[in-house]
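Have a look at the structure below, then the notes.
Every number here is computed from the coordinates shown, using simple stated rules; none is lab data. These figures come from a predicted structure and were not determined experimentally. Positions of Cβ are backbone-derived with ideal geometry, glycine not excepted, and every protein chain shown enters the neighbour counts.
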Amino acid sequence: MTDRTHTAAVNGATGAPLWLLAELTYRCPLQCAYCSNPLDFAAVKEELATEEWLDVLAQARAMGAVQMGFSGGEPLVRQDLETLVAEARRLGFYTNLITSGLGLDEARIAALHAAGLDHIQISLQASDPDVAAAVAGSPKAHARKLAMARAVKAAGYPMVLNVVLHRHNIDELDAIIALCDELGADAWSWPNCQMYGWAQLNREGLLPSREQLETAEATTARWRERLAAQGRDMRLLFVVPDYYNDRPKACMGGWGAIFMTVAPDGAVLPCHSARILPMTFPNVRERPLREIWYDSEAFNRYRGDGWMREPCRRCDERHRDVGGCRCQAYLLTGDAAATDPVCSLSPEHHRIEAARHQAEAGERSVTGLTPRNVHESRVFCRA
Ligand code: SF4
Ligand code: FES
């Protein structure tokens, strides 16, 4: 937790946002079964226009935000991406593109470079092309991603390769790390799948077993030693997933503490998943960003600790983990103000234990996952 977050979490004092995540679109050529976009993404028909995004960037920077991510969906679907990147850079943001790599080609890499983009993060689904195809819903995407990762490096970009781990690819971690190494990535990241959006729908089919996690942790440790022996300074992080912890994470560094997401239609959220919560989020088309951040009911609802229930309310750890994740609490208990059930002190912790037991029982096929798709999204809209 940063000093700023800590201050906000403890005193309820609201500092400026540090991070702006611009989710430019929910459109995407892939169908990842763990997509963090909302299940009813098809209900969001309209996207902010270029001029509106430019205004959002200016407002966020004026408030003090310094880091910015362009994501989606697939942000490369937006033909104005280069314009937005150039403006973000001009305003003084450190800019990061979070992409599948589809929609990228040498010309666009050059255009993004000219626009001043600082950093590209490409996601891979696996090292095994068949697993990658099954998870992304595309037989051709994997080869294209590898080609684009090479092109990004050839253009001299700092590149992060990101591989979300789950029960169908975690056993190939050794090969995944070798692939990241071979592609020349400057940083590697393999977060365990977070169970939001489509991943929550597919949770039973995605959650790894404890044995798989232990093997993956040992693989990471082996690579750490190997790289250190080669004198290479790579930070390899293996973070145990929430469902195998007995304390929750301080999600987003605290609600409305350092992070804000602007969704494709202009809704402003304290995290990328918050649309699932039974509350109304303000929109940049209706209110200035500063007013939304400091004064809106949505951003203030879970700031500080006044909203907490037992056992968080009197817990000594409440300023460290801020009671966990509001979205996870809602998804698992139906109450967004509940203690995150990941916490072993939560009366609902049995839900996490039950999910773990399910993960230990039986094999599940990667082809049994529900891909992110418009048809199902429409069904969720109607519901
Ligand atoms: Fe954190 Fe609440 Fe659990 Fe205490 S009871 S450790 S504050 S989640
Ligand atoms: Fe929304 Fe944690 S993902 S608060």
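When you go through 305, 335, 340 one by one, which is the residue that is within 16 Å of ligand 1 (Cβ to nearest atom), part of a loop (DSSP other than H, G, I, E, B), buried (at least 21 other Cβ atoms within 10 Å of the Cβ) and not β-branched (Val, Ile, Thr)?
340
Identify, from the list 359, 354, the residue that is free of Cβ contacts under 8 Å to residues at least 12 places away in the same chain, more than 16 Å from ligand 1 (Cβ to nearest atom) and either of a type outside the set (Ser, Thr, Tyr) or part of a loop (DSSP other than H, G, I, E, B) (or both).
Numbers: 359 fails: free of Cβ contacts under 8 Å to residues at least 12 places away in the same chain.
The match here is 354.
Could you check the range 126-234 for helices (runs of 4 or more DSSP H) lying wholly inside it with 1 or more residues that are out of contact with any strand residue (DSSP E or B) (no Cβ under 9 Å at 6 or more places or on another chain) and surrounded by fewer than 17 Cβ atoms within 10 Å (Cβ to Cβ)?
Qualifying helices (runs of 4 or more DSSP H): 129-136, 141-154, 173-182, 203-206, 210-229.
Can you tell me how many residues within the range 279-302 are within 13 Å of ligand 2 (Cβ to nearest atom) and either under 19 Å from residue 61 (Cβ atoms) or in a loop (DSSP other than H, G, I, E, B) (or both)?
The number of residues fulfilling the criteria is 5.
Any residue in the range 205-219 that is more than 16 Å from ligand 1 (Cβ to nearest atom), closer than 24 Å to residue 351 by Cα and of a type in the set (S, T, N, Q)? Even if it seems obvious, please write down each step before you answer.
Within the range 205-219, the subset more than 16 Å from ligand 1 (Cβ to nearest atom) is 205-219.
Still in the running and closer than 24 Å to residue 351 by Cα: 205-214.
Then keep just the ones that are of a type in the set (S, T, N, Q); that gives 209, 212.
Yes, the range 205-219 contains a residue that is more than 16 Å from ligand 1 (Cβ to nearest atom), closer than 24 Å to residue 351 by Cα and of a type in the set (S, T, N, Q).
List every residue pair whose Cβ atoms sit under 9 Å apart, with the two residues 6 or more apart in sequence or on different chains, where the first one lies in the range 200-222 and is over 15 Å from residue 164 (Cβ atoms) and the second, anywhere, is outside any loop (DSSP other than H, G, I, E, B) and basic (Lys, Arg).
Qualifying pairs under 9 Å: 209/356; 210/356.
Please specify each residue of the range 239-256 satisfying the condition of being away from ligand 1 (no atom under 15 Å from the Cβ) and assigned to a loop (DSSP other than H, G, I, E, B).
239, 240, 241, 256
Take the residues in the range 323-349 that are of a type in the set (S, T, N, Q) and away from ligand 2 (no atom under 14 Å from the Cβ); name whichever of them is farthest from residue 256 (Cα to Cα).
Here is the first cut: in the range 323-349, the residues of a type in the set (S, T, N, Q) are 328, 333, 339, 344, 346.
Add one more test, that the residue is away from ligand 2 (no atom under 14 Å from the Cβ), and what stays is 344, 346.
Values: 344: 25, 346: 23 Å.
If we take residues in the range 323-349 being of a type in the set (S, T, N, Q) and away from ligand 2 (no atom under 14 Å from the Cβ), then 344 is farthest from residue 256 (Cα to Cα).
Please find, within the range 315-332, the residue that is farthest from ligand 1 (Cβ to nearest atom) out of those that are free of Cβ contacts under 8 Å to residues at least 40 places away in the same chain and surrounded by fewer than 21 Cβ atoms within 10 Å (Cβ to Cβ). Quick ask: steps written out before the conclusion?
First pass over the range 315-332, keeping only residues free of Cβ contacts under 8 Å to residues at least 40 places away in the same chain: 315-316, 318, 329, 332.
Those still in the list that are surrounded by fewer than 21 Cβ atoms within 10 Å (Cβ to Cβ) too: 315-316, 318.
On the way: 315: 3, 316: 7, 318: 4 Å.
Among residues in the range 315-332 that are free of Cβ contacts under 8 Å to residues at least 40 places away in the same chain and surrounded by fewer than 21 Cβ atoms within 10 Å (Cβ to Cβ), the one farthest from ligand 1 (Cβ to nearest atom) is 316.
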